[in-house]
Amino acid sequence: MIDRAGLALFLRRRREALQPEDVGLPRGQRRRTSGLRREEVAALCHISADYYSRLERERGPHPSEQMIASMAQGLHLSLDERDHLFHLAGHRPPARGASSNHISPGMLRIFDRLEDSPAEIVTELGETLRQNALAVALNGDTTRYTGPARSMGYRWFTDPAARERYPVEDHVYTSRVFTAGLREVMARRGPASYAAQLGKRLLGESAEFRAYWDEGEIGVRYHDGKRLLHPELGLLELRCEDLLDRFQSHSLVVFTATPGTPTYDKLSLLSAVGTTP
C-alpha cells in the first residue's frame, strides 16, 4: 500500500535539500525557493510538473516502479534513500549491484560538473546510462538503445553501424577487447547472470564473436587510449579516464586529449558541431 503522506513528505524534504548546483543547474539571481523548485525536480525526473506537484500534495495516481526509479535518480538519492522511496510508494526496491541502473549521487555530482569535456556513465557491459552534451556530439546518443542492444559490445558484433566511428584498422583489436571484457564479466557474475545471457546470445548470433571467444583471451584492454572517427572532425586520438563506482560497477568515463595535439584542438569544436545523428 502506498503511504501518501510519507511519500509527499519525503519528496518535499529531498527537494528542499537539493541546491541547483548539486544537479548541474544555474542558481540565478532571483531565487527565493529553499532548494529546488517543483518544476525543476519534475524536469530532472522526466515527469510533468503537475504530476510531481500532486504527489507532494498527497494526490494523483499510484506511481509505477518505473516512475519511482526515475524520481529516485532525478532527486540524486542514495541506494538506501531509493529503497525507502520504493517502500513508501508500495513497491519492492530493485536489486542492488551490477544489475542496477541507479547511479550513485556522488558520481552524478561529478558528472553534472563536467561541462567542458565529453563524459558518460556506463555499466560494466557498456550500457550508457548518462551522457553530457559533448559526449552526444562525440559518440551520438547511445542512451536510446533498448534490450541487448544497450550493450556496446553486443552492438559491435550485431550492428554494422556500431563500427562506423572506429578506424577499420582498429576493428580486430576492438573485437578482442569486447570479447575479453564480456568473458571477465561473465566469470565474475556467474552463469545465471545477465552477462551470461548476453554471451550466450552472441554465441548464437555472431560467427565473428564465436571465433574470438574460442581464443579464450583475457585482459585485452585499451592501454594508451582509443581512436575514433568523427563524421565531421575526422580522426580523434583520445584518452579515456575512468572513475569506478565499486558498489554499482558503473564507470564515469571522461574523454580527454593531450594538449598541443590536433585532437585537443578538435575537441574544442565539439560544442559547435552539436549532436550529430
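The numbers here are math on the coordinates, done by the rules we state, and not lab data. Predicted model, so just to flag it, every value in this text is computed and none were measured. Every residue, glycine among them, receives a Cβ derived from its backbone with ideal geometry; neighbour counts consider all protein chains shown.
Side notes on the structure shown:
- Debye-sum result for the range 48-132 in log10 I(q)/I(0), which assumes one identical scatterer on each alpha carbon, at q = 0.23, 0.25 Å⁻¹: -1.16, -1.26
- The range 84-160: trypsin sites (Lys or Arg not before Pro) in DSSP coil with no more than 14 other Cβ atoms inside 10 Å: Arg96, Arg113, Arg144
- Computed log₁₀ I(q)/I(0) - Debye formula, equal Cα scatterers, no solvent, the range 4-88, q 0.19, 0.27 Å⁻¹: -0.79, -1.59
- Three principal axis extents describe the C-alpha atoms of the range 126-189; from largest down they are 34, 30, 18 Å.
- 5 angstrom amide H check on Tyr166, placed H, neighbours 5+ away: Leu229
- Residue-wise HN-Hα coupling along the range 138-148, computed from phi with Karplus coefficients 6.51, -1.76, 1.60 (Hz; x: Gly, Pro): 7, 10, x, 7, 9, 8, 7, 7, 10, x, x
- Percentage relative contact order, the chain, counting C-alpha pairs under 8 Å, at least six apart: 17
- Exposed GluC sites (Glu not before Pro) absent: longest stretch of the chain, with sites in DSSP loops and at most 15 other Cβ within 10 Å deemed exposed: 1-57
- Largest first, the extents of the alpha carbon coordinates of the range 159-277 on the three principal axes equal 45, 34, 26 Å.
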